[in-house]
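Written out below as structure tokens is the structure these notes cover.
The values are calculated or read from the model by the stated rules, or taken from the named source; none is laboratory data. These figures come from a predicted structure and were not determined experimentally. No Cβ is skipped: glycine too gets one built from the backbone with ideal geometry, and neighbour counts run over all protein chains shown.
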Amino acid sequence: MLYQAAEIFHVHNYSIPTTFDNGHTHRVFGVTSLGVLKGNTHVHYYRGYTTLEDGHVHYFGGVTGPAIFLPGGGHIHNYRGVTSFDDRHRHAYAGTDSPSYF
């Protein structure tokens, strides 16, 4: 698919649970950057800090996977990463965001 410039001017919301480590989980959540062209697709940058659990937060950030087009229209992106090391542990996370319909 060839992109028009206006088609990458969108964002996605995400809210993804982390793995259960050190007796608890967190949630990575936020809103991505605007789309960034990458070859014949696009990605988004994201960063933030997790929900407060067990008296602490973790930091995270990364780049989404390429657009995954949905049968009914719109698209989503995959997320995968590891949080910062805080309170003697870290968490992994993986999931998808909310669909965007340009």
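Below is a table of values for the structure above.
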| item | result |
| --- | --- |
| Top-ranked residue in region 5-50 [being over 20 Å from Gly81 (Cα atoms) and β-branched (Val, Ile, Thr); ranked as modelled with the lowest pLDDT] | Ile8 |
| Checking Gly55 against (1) surrounded by fewer than 14 Cβ atoms within 10 Å (Cβ to Cβ); (2) modelled with pLDDT of 95 or more; (3) touching a strand residue (DSSP E or B) at 6+ places or on another chain (Cβ under 9 Å), the condition it does not meet | (3) |
| Residue among His89, His56, His42 that alone is farther than 14 Å from Val31 by Cα and touching a helix residue (DSSP H, G or I) at 6+ places or on another chain (Cβ under 9 Å) | His42 |
| Residue match in region 74-96 (condition: at pLDDT below 95 and surrounded by fewer than 18 Cβ atoms within 10 Å (Cβ to Cβ)) | yes |
| Any hit, region 70-79, residues being β-branched (Val, Ile, Thr), under 18 Å from Pro17 (Cα atoms) and within 9 Å of the chain's Cα centre (by Cα) | no |
| Every pair of residues 6+ apart whose Cβ atoms lie under 6 Å, when the first sits in region 74-90 and is among the β-branched types (Val, Ile, Thr) while the second is crowded, with 16+ Cβ neighbours inside 10 Å and at pLDDT 95 or above | Ile76/Asp97; Val82/Arg90; Thr83/His58; Thr83/Phe60; Thr83/Arg90; Thr83/His91 |
| Those residues of region 26-37 which are at negative phi and surrounded by 13 or more Cβ atoms within 10 Å (Cβ to Cβ), in sequence order | His26, Arg27, Val28, Phe29, Val31, Thr32, Ser33, Gly35, Val36 |
| Index of the failed condition, Tyr46 passing every other in (1) more than 18 Å from His10 (Cβ to Cβ); (2) under 10 Å from the mean Cα position of the chain (by Cα) | (1) |
| Near pairs, Cβ below 7 angstrom, 6+ apart or cross-chain, from region 18-35 (closer than 15 Å to Thr51 by Cβ and among the small types (Gly, Ala, Ser)) to any residue that is part of a strand (DSSP E or B) and modelled with pLDDT of 95 or more | Gly30/Tyr14; Gly30/Tyr46; Gly30/Gly48 |
